[in-house]
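The values are calculated or read from the model by the stated rules, or taken from the named source; none is laboratory data. As the structure is a prediction and not an experimental result, all values here were calculated from the model. With ideal geometry, Cβ positions are generated from the backbone for all residues, glycine too; neighbour counts draw on all protein chains shown. SASA here: full protein model, heavy atoms, side chains in, ligands and nucleic acids out. Shrake-Rupley method; radii C 1.70, N 1.55, O 1.52, S 1.80 Å.
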Amino acid sequence: MARLEWETAKIVRLRRMLMAWYEHSHRDLPWRESRDPYAIWVSEVMLQQTRVAVVEERFKEFLELFPTVDALARAPEQEVLAAWSGLGYYRRPRMLHRAAQFVVANCAGVLPQSSAELRLLPGIGAYTAAAIASIAFGECVAVVDGNVERVLYRVAGWETGVRAGSAALKRKVGELAGELMDAERPGDFNQALMELGATVCLPRNPLCLVCPLSTDCYTRGEHRRPPRPPMLSREIAHALALRTKYERETGRGASKARARAVREVLLEQRPASATVMPTMWELPQLREAAVPDRELCMAVRHAIMQVNYYVRIRTVTEEKVAALTLAGGARRWVPLREAGAMALTGLARKVLTRARLLPTEPADALAAMRTTEQEADADAG
DNA sequence: AAACCGTGGTC
DNA sequence: TGACCAAGGTT
């Protein structure tokens, strides 16, 4: 490891200030209540490029649906995707699922304990391997995420001469983090550095006045990042096709023949070969992006990656839907009660929710469906 | 190395 | 309102 030109005293001071600060100002987050390596793993994958506030809710739901590696490994992929619906980067749940199946098949369901072994699992890169190993197993290995990078970038004053995001900078940050590491409490140290970045050493307006590292910080807040390309915009339109089906009441007390109205929505599954959101379910796309105002049911903006989609939603009858929409993947009329439990894209979920057509959150819908299945099984058995 | 993969909160 | 961007990984 390259020698840093920092005095030992400064290293020790930074470490002590950071750990003392973390002691009294860390947030109470759901995954910090658990010592289960599996729970830590799920939280780290869910936190990849995703805000803590969003993950707080979804993490708990996910663990209720899939409490163990075994439960996750056994679940159908569509259920795992459904539990992830709206979180984005759907390669994450797929790889998490595959990794769980690998762990069950090859490791007796026990997660590997070293960062080197964890790194071999799909969906676990350098950051996630170090995070799980340090937090769940106490391995003395430093994490480098966006927060750590920014914090140490500022503390060390490496703004000039090194391109942001370069491999060279990442390596230097990792070395510094390793020197600062509190070998007594690796997991807490890593979380402390990230916590500081997330709550004090903010990207735009850092709170240097309350920062425990400010006396030893080289820049005290300066931090430029390369400009991003401007967002593009596109117009698209989707069909909200609804129908009401009348079903005979069956089962208990079916002596009197009664018809039950079931509202259904037409959903389309994106092809497995799609580069974006494969196998996720969405509303069929309309042929014409231009929808006359009188037929417009809803207009929403939906940003995906670098593109702002101006989306227009038009209600379409069952008879006209074939003529008006583009042929995509497989289609299914889905009872609204079940739609919420499907692997919907974020856009489809947003539209159906805003139209008051989805009664429940994805996790609730999934749980409800499972209960129904169990009742059906019980009735059958 | 650089491009690609989603989303919603925030200011 | 729109630009910014978050506990990254894979190819």
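As a check on your grasp of the helix formula, calculate [θ] at 222 nm for chain A: sum -39500 (n - 2.57) over DSSP H runs of n ≥ 4, divide by the residue count, round to the nearest 500.
-13000 deg cm²/dmol
So for chain A, taking the charge dipole from beta-carbon charges (+1 Lys/Arg, -1 Asp/Glu), which of A:25, A:76, A:113 sits furthest toward the positive end?
A:76
Please report Rg (one decimal) and Dmax (integer) in Å for the Cα set of region A:72-146.
Reported Rg and Dmax, both Å: 13.0, 37.
Relative to the first principal axis of the alpha-carbon coordinates of chain A, what is the inclination of helix A:167-180, with its axis defined by its Cα atoms, in degrees from 0 to 90 and to the nearest 10?
For helix A:167-180, the angle is close to 60 degrees.
Measure up A:60/A:245; A:245/A:320; A:10/A:170 against 24 Å on the Cα-Cα distance and list the ones that go over.
A:60/A:245
Quote to one decimal, in nm, the extra length available between residue A:208 and residue A:355 on full extension: 0.36 nm per residue of separation minus the C-alpha distance between them.
Details: separation 147, 0.36 × 147 = 52.92 nm, distance 4.44 nm.
Difference between extended and current length: 48.5 nm.
Gap in Å between the Cα centre of region A:306-353 and the Cα centre of region A:59-116?
Spelled out, the Cα-based centre of one part sits 27 Å from the other.
How large is the accessible surface per residue of chain A, computed with a 1.4 Å probe and reported in Å² as a whole number? The partial results should precede the final answer.
Numbers: 20670 Å² over 381 residues.
So chain A comes to 54 Å² accessible per residue, rounded to a whole number.
Given a 1.4 angstrom probe, I'd like the percentage of the accessible area of chain A that is carbon and sulfur, rounded to a whole number.
Roughly 51 percent of what the probe reaches on chain A is carbon or sulfur.
Can you tell me the alpha carbon radius of gyration of region A:216-342 divided by the globular rule-of-thumb value 2.2 N^0.38 Å?
Working: Rg = 21.6 Å, N = 127, 2.2 N^0.38 = 13.9 Å.
For region A:216-342, the normalised Cα radius of gyration comes out at 1.56.
What share of the DSSP beta bridges in chain A is antiparallel, in percent to the nearest 5?
70
Can you give the Rg/Rh ratio of chain A, where Rg is from the C-alpha atoms and Rh is the Kirkwood radius? Spell out each step's value before the answer.
Values: Rg = 25.0 Å, Rh = 23.8 Å.
Taking Rh as the inverse mean 1/r over Cα pairs, Rg/Rh reads 1.05.
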